[in-house]
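Inspection log for the structure reproduced underneath, given as structure tokens.
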Amino acid sequence: MKKFLLLPIILFFILFTGNASAQNYAEIDPSFAIGTGFDNTVMAAVLQPDGKIVAGGFFTTYKDLTRNRIARLNADGSYDASFSTGTGFDNVVYAVALQADGKIVVGGDFTTYNDVPCEGIVRLNTDGSIDPSFVIGTGFRPLSSTGMSFINTLAIQPDGKIVAAGRFSVYNGTSQKGIARLNPDGSPDASFNSGAGFNFDVKSIALQADGKIVAGGTFSSYGPGSRKYITRINANGTLDTTFNVGTGFGGSLTNNYVNAVAVQPDGKILVGGYFTTYNGTTQNRIARLNTDGSVDASFASASGFDNYFVNTFTLQPDGKILVGGGFLYYNGISRRCMARLNANGILDTSFDIGTGFVGTISNVETILLQPDGKMVVGGWFTSYKTVDQNHITRLNTAGTLSVTDTDVRKQEGIALYPNPVKQTLYFSEEVSGVRITDLSGKTVARPSGTVTSVNAASLEKGVYVVTAITRTGKAVSRKIIKE
């Protein structure tokens, strides 16, 4: 399966010595102004070709505006008022998928959208209205009135058919247990025969280029076959017996499961979740499988993630792997809720998130990779590197920002100088609430009151982030160098 406050603007990759130089850290993108953000968790998000972001989850507000479980944001983080959701969903959205025509398929635990019945699934037009051509009838249902039914995950096939998976037993009156394929008009695809289906929840699915479907979850069987938490299904819905998972995932943890599956361009399959073994071999919360289901020994995850879980994968074009979840460490190195791995499974230490994501529940649920390399991250968190970011943020990384000091001062309307600094650091206007932190997020200085300068002489040599509130009440941040 797959929460936001005042956004301090953190400028990074800039050493104020002319053009920006790449640094080994990931910082909040100052151009993505989310304000108070979401009031609750973002569970899923998709990126439109125009840069807009459709987000779904538990939330009921964005920037203090009522937006029940779904919202579309402009590329700058502002709310897209052209996306009219009315009363929105009556319960949580777990999955959002974007069709080639721009229409949006939404799945979850809801029964209505804008007061119109839609059990578990609906398709929206680009303006947020319900698409009447997508006819779901009675939608997804349990076997009995006391049972539960919801969609956890969605995938759009190249032919426009929609694969939906989660916990359910019936779709529009036809038996479909845990997984169903819908035609583009919403009708059940009769060519997809899942038989007895899954015996419990499907949490994630991924499409292969050959039309086969990889599924992970809490199930232990599919049809007649024992398949512990992972399986592969042929394009017609039958069990793919060439994918041998053996004893599957499990281990020393209570209530093991698979949360995330992703198919790489080479066909290998990334699997993440809450487990410590796969087919008898140690695999801590992450594994990569070959196309036949065997463990890929070239993926050097070593001790893997600590005693929490992996929720999501995003594959970069260069082969690196973005991982999100509730973990704190990877191979003993601190990476709170997000990490980037090299293609061989070794931690990419150039991607440094400092203190990472924090909240009452610290958890990354979704990561979107933009064409410019920036990353939109959503989940249960309320801060990133000690900066308030309620349930969504966008990160810059090395190579995604290249501007000059002059450009920055003009854009943001406030400057810090000299930079690098030896003694006194000056602000171009009066500011308050000044806080200086090191790159790990630790506060090293916090002058009180309204100031136009701070004494930086006692700081050790290095790079720091200075955060302050301007006269207009805007929170801004700058990266400085102490010589």
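The values are calculated or read from the model by the stated rules, or taken from the named source; none is laboratory data. None of the values given here were measured: they were computed from a predicted structure. All Cβ positions, glycine included, derive from the backbone under ideal geometry; neighbour counts span all protein chains shown. Keep in mind that these areas ignore ligands, DNA and RNA; they rest on the heavy atoms of the full protein, side chains included. Shrake-Rupley method; radii C 1.70, N 1.55, O 1.52, S 1.80 Å.
Annotations for the structure displayed:
- Kirkwood hydrodynamic radius over Cα pairs of the chain, then Stokes diffusion coefficient at 25 °C and 0.890 mPa s, in µm²/s: 105 µm²/s
- A simple spin-label model places pseudo-atoms 7 Å from Cα toward Cβ; at residue 428 and residue 444 they are separated by 2.4 nm.
- Spacing of the two label points (7 Å from each Cα toward its C-beta) at residue 344 and residue 252, in nm: 2.8 nm
- More than 16 Å apart - percent of Cα-Cα pairs taken over the range 274-372: 55 percent
- Proportion of all alpha-carbon pairs of the range 78-198 beyond 26 Å (%): 14 percent
- Put simply, the range 235-323 fits an ellipsoid with semi-axes of 19, 18, 12 Å; these come from the alpha carbon gyration tensor as the roots of five times its eigenvalues, largest first.
- Solvent-accessible heavy-atom area per residue, rounded to whole Å², over the chain at 1.4 Å: 37 Å²
- Here the simple spin-label model places points 7 Å from the Cα toward Cβ, and for residue 307 and residue 169 these points are separated by 3.7 nm.
- Taking the protein heavy atoms of the range 224-356 in the context of the full set of protein chains, the accessible area attributed to carbon and sulfur is 50 percent at 1.4 Å.
- Label point of residue 266 set 7 angstrom out along Cα-Cβ; within the range 292-307, amide nitrogens under 16 Å from it belong to 292-301.
- For the range 150-195: Kirkwood Rh in Å [reciprocal of mean 1/r, alpha carbons]: 10.5 Å
- Percent of alpha-carbon pairs separated by more than 16 Å within the range 330-385: 47 percent
- Euclidean distance between Cα centres, the range 291-334 to the range 196-251, Å: 20 Å
- Whole-number D in µm² s⁻¹ for the range 189-268, Kirkwood Cα-pair radius fed into Stokes-Einstein, 10 °C, 1.306 mPa s: 123 µm²/s
- In the range 32-84, the portion of solvent-accessible area held by carbon and sulfur atoms comes to 51 percent [1.4 Å probe, whole percent, DNA, RNA and ligands not counted].
- Within a straight-line Cα-Cα reach of under 20 Å, residue 479 can be paired with the following aspartates and glutamates, leaving aside sequence neighbours fewer than 8 residues apart in one chain: 27, 29, 352, 388, 405, 407, 412, 429, 430, 438, 460.
- Across all directions, the average flat footprint of the convex hull enclosing the Cα atoms of the range 439-483 is 3.5 nm².
- For the range 62-119, the fraction of alpha-carbon pairs in successive 5 Å shells from zero, as %: 4, 17, 26, 27, 19, 6, 1
- Seen from residue 452, the other residues with C-beta closer than 10 Å to its C-beta sum to a net charge of -2, counting Lys and Arg as +1 and Asp and Glu as -1.
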